[in-house]
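Worksheet: one structure, shown below.
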Amino acid sequence: MSGRKHSVITGVAIMSAKKSESFFVKTEVSFKTLRSNEIEYYLATENPLDKAGAYGIQDWIGLIGIEYILGSYYNVVGLPTKELYENLLRF
């Protein structure tokens, strides 16, 4: 991820006995170029293998490494809550 951009895309389905709807949310994330000691520290102190994309935006690496995001922060965390709420209101 160092020095690169990537997209986080989350698909959500809402279902009842009578209908179903689905949608997705896409967020672009840009990482700064990380120093090797920053990467080593993250690998030694966090558990990147238990996360999609091997990082948590809410973790230390997200705080120091992410330059910007375009879109929903909560989508990157794991669930686009604002968009889910809006879709539930229309459901």
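Cut-off 18 Å, label point 7 angstrom out along Cα-to-Cβ of ALA13: give me the residues of segment 65-90 whose amide nitrogen falls inside. It comes to 79-80, 84, 87-88, nothing else. Summing +1 for each Lys or Arg and -1 for each Asp or Glu among the other residues whose beta-carbon sits under 10 angstrom from that of SER2 gives +2.
Rounding to the nearest 10 and keeping the result within 0 to 90°, find how far the Cα-based axis of helix 81-90 lies from the longest principal axis of the chain. The answer is roughly 10 degrees.
All Cα-Cα separations within the chain were binned at 5 Å from zero, giving a P(r) of 3, 13, 22, 20, 14, 10, 8, 5, 3, 1, 0, each value a whole percent of the pairs.
Counting only Cβ charges, +1 for Lys and Arg and -1 for Asp and Glu, the dipole size of the chain around its Cα centre is about 380 debye. Charge tally around LEU43: other residues with Cβ under 15 Å, Lys/Arg +1 each, Asp/Glu -1 each, net -3. Here LYS32 is the anchor, and the aspartates and glutamates within straight C-alpha reach of less than 14 Å, apart from those fewer than 8 places off in the same chain, are GLU67.
For a straight C-alpha distance cut-off of 17 angstrom, the lysines reachable from LYS26 (same-chain residues fewer than eight places away being disregarded) are LYS5, LYS82.
Where a number appears in this text, it was derived from the coordinates with a stated rule and is not lab data. What you see is a predicted model; the values in this text were computed from it and never measured. Don't worry about glycine lacking a Cβ; one is built from the backbone with ideal geometry, like all the others, and counts go over all protein chains shown.
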